[in-house]
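Worksheet: the structure to be examined is printed underneath.
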Amino acid sequence: MGIDGDESVDFFVLLDNIFAEQVHNLPSCPVLKKFQQTVERRSVDSMLFVLEESSREVLQMSIGLLFAALQKNIKEAIDPSTPAEKARKLILYASHDSTLIPLLVALGTFDNKWPPYAADVTLELYQHRQSKEWFVRMSYRGEEQVVKGCRAGLCPLEEFLKVLSQYSLSQEEYNKLCSQTEGNQQTNS
């Protein structure tokens, strides 16, 4: 790319610029266009390095509060005692591409490609008419996904909630985890 070995490179900024130019039909730097795949690969590699896929705590810090909110909303939706006026049919969350990656990693559906602009994750809650069992279907960019720990795209609710619970954090748990030092000791703030 013509960058001196002593210069630092922010692949996230480069990738964001490349995508912004493409989405808005702006002229693109030919060198960046030539190295788009390399920039995207380095961005994904950097994100996965930061997330440390094997580190549950890093994923919890990234999506733990969201997963707790999802659990709460799902449980309210299936609770027959929830008053009709409180029952929500649709809940929307907005995020950045860099926020979608930890969510997809935690759900076991990350395809190792940077999410494009307007990428979306959809969770749908279904109840079987006869058995009254609950199921969750997840799709990413309109394509059904099989969440880790689930046998198929239509995942029994208990199995889906089990996946969420692996990373879910209450606000108090989040604050406690956030205040830990590398040696797993609490700091006084």
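Readers should treat all values here as calculations from the given coordinates under stated rules, not as data from a laboratory. Values in this document were obtained by computation on a predicted structure and should not be read as measured data. No Cβ is skipped: glycine too gets one built from the backbone with ideal geometry, and neighbour counts run over all protein chains shown.
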Looking at the chain, which longest stretch skips every one of the chymotrypsin sites (Phe, Trp or Tyr not before Pro) that is in a DSSP loop with at most 16 other Cβ atoms within 10 Å, leaving the sites themselves out?
1-92
Please identify the trypsin sites (Lys or Arg not before Pro) of the stretch 131-165 that satisfy two criteria: DSSP loop assignment and at most 16 other Cβ atoms within 10 Å. Which are they?
K132, R141, K148, R151
In Hz, Karplus ³J(HN,Hα) per residue of the stretch 77-87 (6.51, -1.76, 1.60; θ = phi - 60°; x = Gly, Pro):
5, 8, 6, x, 8, 5, x, 3, 6, 9, 6
On a 0 to 90 degree scale, rounded to 10, what angle separates helix 97-106 from the longest Cα axis of the chain?
50 degrees
Provide the net charge surrounding P115, with neighbours chosen by a C-beta distance below 14 Å and charges set as Lys +1, Arg +1, Asp -1, Glu -1.
-4
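To the nearest 0.05, how large is the calculated FRET efficiency for Q171 and D79 if R₀ is 30 Å and r is the Cβ-Cβ distance?
For R0 = 30 Å, the calculated efficiency reads 0.90.
When a footprinting reagent is the concern and you count Cβ atoms within 10 Å, what order do R42, R56 take, fewest first?
Details: R42 16, R56 13.
The order, fewest Cβ neighbours first, is R56, R42.
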If one takes the longest principal axis of the Cα atoms in the chain, at what angle in degrees, from 0 to 90 and to the nearest 10, does the Cα axis of helix 157-167 lie?
50 degrees
May I ask you to evaluate 6.51 cos²θ - 1.76 cosθ + 1.60, the Karplus curve with θ = phi - 60°, for each residue of the stretch 59-76 and list the ³J(HN,Hα) values in order in whole Hz, giving x for glycine and proline?
5, 4, 5, 7, 10, x, 5, 5, 5, 5, 5, 4, 4, 4, 5, 5, 5, 5
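Find out how many positive minus negative residues lie around K86, taking Lys and Arg as positive, Asp and Glu as negative, among other residues whose Cβ is under 12 Å from that of K86.
-1
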Hey, got the Cα dimensions of the stretch 15-137 along the principal axes, in Å, largest first?
59, 35, 24
Which of the trypsin sites (Lys or Arg not before Pro) found in the stretch 73-112 are in a DSSP loop and have at most 12 neighbouring Cβ atoms, other than their own, within 10 Å?
K86, R88, K89
To the nearest 10 degrees, how steeply does helix 36-51 sit against the main Cα axis of the chain, on a 0 to 90 scale?
50 degrees
Computed [θ] at 222 nm, deg cm²/dmol, the chain (DSSP H ≥ 4; -39,500 (n - 2.57); rounded to nearest 500)
-14000 deg cm²/dmol
For the chain, which longest stretch is free of loop sites, where a loop site is one of the GluC sites (Glu not before Pro) that DSSP puts outside H, G, I, E and B and that has at most 16 other Cβ atoms within 10 Å?
134-181
